[in-house]
Amino acid sequence: MTVRIRYARDSDYQWLLELHHTVYRDLITQEFGYWDSDEELGLFKNAWESKQIEILLQNDKPVGMLIVVAHVDHFWLDEIQIDPRYQNQGIGTEVIGRLITRARAGYLPLRLRVLHANQSAYRLYQRLGFLRIGGVKHHHVMEIR
């Protein structure tokens, strides 16, 4: 399987909003005890307006999204969302593997944070070699070198 990546277009907005809600509704409710549609819409709009969003494609069909921020001393995996219909098919593993290779080529760590409630993602990151380096109230902070 090969996942292609392209930058988000205006025409991706509604699909990305639906993906965000689909991926996060249960996790946010589990972690925080509620889902606030207005708050989540605000978080989504902020990312849409201020971050470089990439679309993950399998057979030219959108299956997920990615936001990676390059800092001077590390790469930050800000978001990775895989449509639940395409999870557990190796898409996240392939994309994150590419990011690890890119970070290592630049002799930089790759860092991320993951909700405590998202145990499947946490286990995936551990399996890929990420180590927990800290945490904040609702997130583990992880890194791979």
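Things worth noting here:
- Failed criterion for Ala8 (all others in (1) in contact (Cβ under 8 Å) with a residue 40 or more places away in the chain; (2) within 15 Å of the chain's Cα centre (by Cα); (3) within 19 Å of Pro84 (Cα to Cα) hold): (3)
- In the range 105-128, the residues that are closer than 13 Å to Glu143 by Cα reach residues that are part of a loop (DSSP other than H, G, I, E, B) and at pLDDT 95 or above with C-beta atoms within less than 6 angstrom, at least six apart or across chains, in these pairs: Leu108/His74; Pro109/His74; Pro109/Arg145; Arg111/His74.
- Counting only strands (runs of 3 or more DSSP E) wholly contained in the range 89-145, the ones carrying 2 or more residues that are of a type in the set (Val, Ile, Thr) and touching a Gly at 6+ places or on another chain (Cβ under 9 Å) occupy 139-144.
- Test: residue in the range 13-28 that is polar (S, T, N, Q), more than 16 Å from the chain's Cα centre (by Cα) and under 27 Å from Lys137 (Cβ atoms): no
- Taken over the range 80-95, the residue count meeting the criterion of being among the charged types (D, E, K, R) and surrounded by fewer than 16 Cβ atoms within 10 Å (Cβ to Cβ) is 2.
The values are calculated or read from the model by the stated rules, or taken from the named source; none is laboratory data. Quick caveat: nothing in here was measured; it's all calculated off a predicted structure. Heads up, the Cβs are rebuilt from the backbone with ideal geometry, glycines too, and the neighbour counts pull from every protein chain shown.
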